[in-house]
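Presented below is the structure to which this report refers.
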Amino acid sequence: MSFLLKSYKNQHWLFNLNAINDQYANICDWQIIPANAPCLKPILFIRGGNSVYLAEKYQNTIYAQFPHAEIVTISGAGHNVHAEKTQEVLQLLQDWLNCSLSSG
């Protein structure tokens, strides 16, 4: 809840609450993107080992939409892996970007 409250200032939400409400079903179901239009760019997914997001049961769907994806799990972190394991995430990003730039 405190995370959401960071986006609430002067009695107003800093994001478009109406758009989120109107498009909630689409936001929750990213699979609505046509299966014949995969993203062919290199993509890095970072997940926390203690997180329920990016579960293995979704990985085939992820790879179908992002065939060049790499999914990396950082152990000991939950959903907010960037806050819980900041140095590990930064090192992973730096290594991945350096590799992507040198091979692309």
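Miscellaneous remarks
- Share of carbon and sulfur in the accessible heavy-atom surface of the chain [1.4 Å probe, %]: 56 percent
- Helix-only CD estimate at 222 nm, as mean residue ellipticity for the chain, using -39500 (n - 2.57) per DSSP H run (n ≥ 4): -11000 deg cm²/dmol
- Highest mobility in the GNM of the chain, judged by mean-square fluctuation with C-alpha springs under 10 Å and restricted to Phe15, Phe45, Phe66, is found for Phe15.
- Averaging the sequence gap over all C-alpha pairs within less than 8 Å and six or more residues apart, then dividing by the number of residues, gives the chain a relative contact order of 23 percent.
- Accessible area per residue for the chain, computed on protein heavy atoms with a 1.4 Å probe, is 78 Å².
- GNM on the chain, alpha-carbon springs under 10 angstrom: the most fluctuating residue among Ile71, Ile27, Ile62 is Ile27.
- Most mobile listed residue (Gln94, Gln23, Gln59) in the chain, GNM with C-alpha springs under 10 Å: Gln23
The values are calculated or read from the model by the stated rules, or taken from the named source; none is laboratory data. Everything numeric in this text was worked out from a predicted model, so none of it was measured. These accessible areas exclude ligands, DNA and RNA; they are computed on the full protein's heavy atoms, side chains included. Shrake-Rupley method; radii C 1.70, N 1.55, O 1.52, S 1.80 Å.
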